[in-house]
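Reviewing the structure listed below.
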Amino acid sequence: MKLATFTQAGSTRIGVVRGEEIIDLSAAAPELPRDLIGFLSAGPRARQRAGEATSASGASIPLVDVKLESPILRPPKFLAVDLNYADYVAESGMEKPKFPTVFNKQSTCVTGPYDAVHLPRVSSALDYEGELAFVIGKRCRHVPRARVHEVIAGFCVHNDVSVRDWQLRVPTWTMGKSFDTHGPLGPWLTTSDEVGDPHALSIRTLVNDEARQSSNTKELIFDCYALVEHITSAFTLEVGDVIATGTPSGVGVSMKPPRWLVAGDVVRIEIENLGFLQNEIVPEPEETARF
């Protein structure tokens, strides 16, 4: 099932993507929550009802007539992982990590799969990172690897947009990873049963149709299950938490000289079975100043 958050006619709600249309669950099953965190929290019965509702008449809308939002509008936690692809480790010349390097992105960075990404006023060192992300569907702690599949609601595509000079000038990376609009996520949440093996998916990043990253999630050093087992050893994961799994080789900062994103660039990230993101880089608008 492909679960999407969308806006249409001034209203934001959730639906099930089926081909080139979306089944509006607020019309087909109005008793269900209208946001994805609420829907996932309602458990298997909500998903079963959503499946039944896809055959409802009068509830389908052409995808071209809606605006797709990030599936999770404001994740309770947004965690990401550094240096987690074998090919990226080789490219960087660094040692293979013994443990996952987990850091925070602020949830206010989240934006939709086709929304503009801002080139910050305070930096020109803007970079892309195509990543597989997954969403937690059940509150959990101390989850053994063999049961992690029970707590993952589904998977989506992520661009871990990075402001490299802000990221690298201090030991912690929250600032350089959390600028507004620097967390494109989507295009929808694909439930695990439709993904297949999440650790055998091709992943590709293109900038202006030029392939920059091309890899496979089999290159992950710490896979999705290992990450959940590790993270929940320390703290509770909640419904709607997003975990981004790291990026493969080919990022702009590793090129000689570095190739930063500039206004007008279009970044497209594709992951097998999950769809794609496509975001244009635009100068940060003046109206972002709010006080």
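The values are calculated or read from the model by the stated rules, or taken from the named source; none is laboratory data. For clarity, every value in this text was computed on a predicted model and none was experimentally measured. Note: ideal-geometry Cβ built from the backbone for every residue, glycine included; neighbour counts use all protein chains shown. Ligands, DNA and RNA are stripped out before the accessible areas are found, and what is left, the full protein with its side chains, is counted by its heavy atoms. Shrake-Rupley method; radii C 1.70, N 1.55, O 1.52, S 1.80 Å.
For the reader, a short list of remarks on this structure follows.
The rows are residues; the columns are (1) open to solvent by less than 50 Å² (accessible area, probe 1.4 Å); (2) not basic (Lys, Arg).
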site	(1), (2)
SER162	yes, yes
THR181	yes, yes
PRO187	yes, yes
ARG212	yes, no
GLU219	no, yes
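- Restricting the stretch 22-36 to residues that are open to solvent by 50 Å² or more (accessible area, probe 1.4 Å) and not basic (Lys, Arg), the residue that is nearest to GLY58 (Cα to Cα): ALA27
- Taking the stretch 35-56 as the range and being polar (S, T, N, Q) and in contact with a helix residue (DSSP H, G or I) (Cβ under 9 Å, 6 or more places away or on another chain) as the test, the residues that pass are THR54, SER55.
- In the stretch 1-40, residue modelled with the lowest pLDDT [restricted to those that are basic (Lys, Arg) and in a strand (DSSP E or B)]: ARG18
- Options GLY264, GLY252: the member that is among the small types (Gly, Ala, Ser) and in contact with a Pro (Cβ under 6 Å, 6 or more places away or on another chain): GLY252
- Flag if PHE103 is in contact with a strand residue (DSSP E or B) (Cβ under 7 Å, 6 or more places away or on another chain), closer than 14 Å to ASP241 by Cα, touching a residue at least 12 places away in the same chain (Cβ under 8 Å) and surrounded by 22 or more Cβ atoms within 10 Å (Cβ to Cβ): no
- The stretch 146-160: number of residues that are assigned to a loop (DSSP other than H, G, I, E, B) and touching a Gly at 6+ places or on another chain (Cβ under 7 Å): 1
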